[in-house]
Structure formats: C-alpha cells, structure tokens
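Student: Can you read through this structure? Questions will come right after.
Read-outs throughout are calculated quantities, based only on the coordinates presented, and are distinct from any laboratory measurement. Quantities reported herein were computed from a predicted structural model and do not represent experimental measurements. FYI the Cβ positions are ideal-geometry reconstructions off the backbone, even for glycines, and counts take in every protein chain you see.
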Amino acid sequence: MSRKAFSAAGAVAVGPYSHAVESGALVFLSGQTPIDSETGKLVEGGIARQTEQCFKNLFNVLEATGLTPDDVEKVNVFLTDMSNFAAMNEVYLKQFSSPYPARTTIGVAALPLGAQVEIEMIASRK
C-alpha cells in the first residue's frame, strides 16, 4: 500500500520526511520546528514566538491536507526547557477551541537547529 503524502508551501522539512501522511481517516503531521519558510531560518524572540511559528507551519500543513485545527485530535509538544511550559501554553491556548485536542508535553535534551520547541499533530477526517 502506498502512502498518501502531503507537502505544504508554508512549512519546511529539514530531513527526508513528508509534512503529513494519511492513513485511513487519520492524518499524521510531522513535527514542525519554528523555521520561517520565507527565510529558512529559526525565528528569534523566545519561546512564545517560536511556538507561534510552529503552529503557523503546522496549520499550513493542515490546510494542504484539507483539514483545519478543529480536526486535530492529538498534539505532542517537545520543549528543551520545561520552565518554558507556561509561556508555550499561553500561545497553545489560542490555537484551538474547546474541547481541546489531547496533548502530551515532553522535555527533551535538544531539538534540530537549536529550536526550543517542536510540535507534531494527529488529525482525523470526519
């Protein structure tokens, strides 16, 4: 069975992977770091700005799949510093409406290109 893969103009892949892959009704979005697709560089300005850029990238991928934030079922957030949790959470809160997707937040030692945050999602087609 071949994969149905999606690419989005407003997202950057820094390795050999698809922005998203569909399997049945589920769409798995690869983790997005806070890279500005126009400059190809990591955004500056702290964890809030980096979290906003991750969501901008992810929502570009969602759009390419024909889905919206309301279709997101699960979110995984990776932080290099758990003291940034509250600031990340303030940005996160504005991205979805209630009832919110399930979420896991994990502290990690490092992320690609020195990012402070990476976010991945699973969405579903209704």
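Student: With θ set to phi - 60°, apply the Karplus curve 6.51 cos²θ - 1.76 cosθ + 1.60 along region 59-75 and write out the HN-Hα couplings as whole Hz, x wherever there is a Gly or Pro.
Tutor: 5, 5, 5, 3, 4, 5, 8, x, 10, 10, x, 5, 8, 6, 9, 9, 10
Student: On to the next question. Could you calculate the contour length gain from Phe85 to Arg103, that is, 0.36 nm times the residue separation minus the distance between their Cα atoms, to one decimal place in nm?
Tutor: 5.2 nm
Student: What list of ³J(HN,Hα) values in whole Hz, one per residue of region 116-126 in order, does the Karplus curve 6.51 cos²θ - 1.76 cosθ + 1.60 (θ = phi - 60°) give from phi, with Gly and Pro shown as x?
Tutor: So the J values, rounded to whole Hz, are 8, 8, 9, 10, 10, 9, 10, 10, 9, 8, 7.
Student: Region 11-65: which trypsin sites (Lys or Arg not before Pro) are DSSP loop and have at most 13 other beta-carbon atoms within 10 angstrom?
Tutor: On the way: sites: Lys41, Arg49, Lys56; in loops: Lys41.
Here the sparse-neighbourhood loop sites are Lys41.
Student: Using 0.36 nm times the number of residues separating Ala5 and Leu93, minus their current alpha carbon distance, what extension gain do you get?
Tutor: Using 0.36 nm per residue and subtracting the Cα-Cα distance, I get 28.8 nm.
Student: Just for the chain, what percent of DSSP beta bridges are antiparallel, to the closest 5?
Tutor: Working: 20 of 26 bridges.
For the chain, the DSSP antiparallel bridge percentage is about 75.
Student: A follow-up question, please. Given charges of +1 on the Cβ of Lys and Arg and -1 on the Cβ of Asp and Glu, with all other atoms neutral, how large is the dipole of the chain about its Cα centre, in debye to the nearest 20?
Tutor: The calculated dipole for the chain is roughly 280 debye.
Student: In addition: Can you list the HN-Hα couplings for region 43-50, worked out from phi with the Karplus curve (6.51, -1.76, 1.60; θ = phi - 60°), rounded to whole Hz and with x for Gly and Pro?
Tutor: Karplus values, whole Hz, x for Gly and Pro: 6, 9, x, x, 5, 4, 5, 5.
Student: Follow-up. Which residue fluctuates most in the GNM of the chain (Cα springs below 10 Å): Glu38, Glu22, Glu73?
Tutor: In the Gaussian network model the winner is Glu38.
Student: Moving to a separate point now. Calculate, axis by axis, the spread of Cα positions in region 5-126 along the three principal axes, and write the results as whole Å, longest axis first.
Tutor: For region 5-126, the Cα extents along the three principal axes come out at 36, 32, 22 Å.
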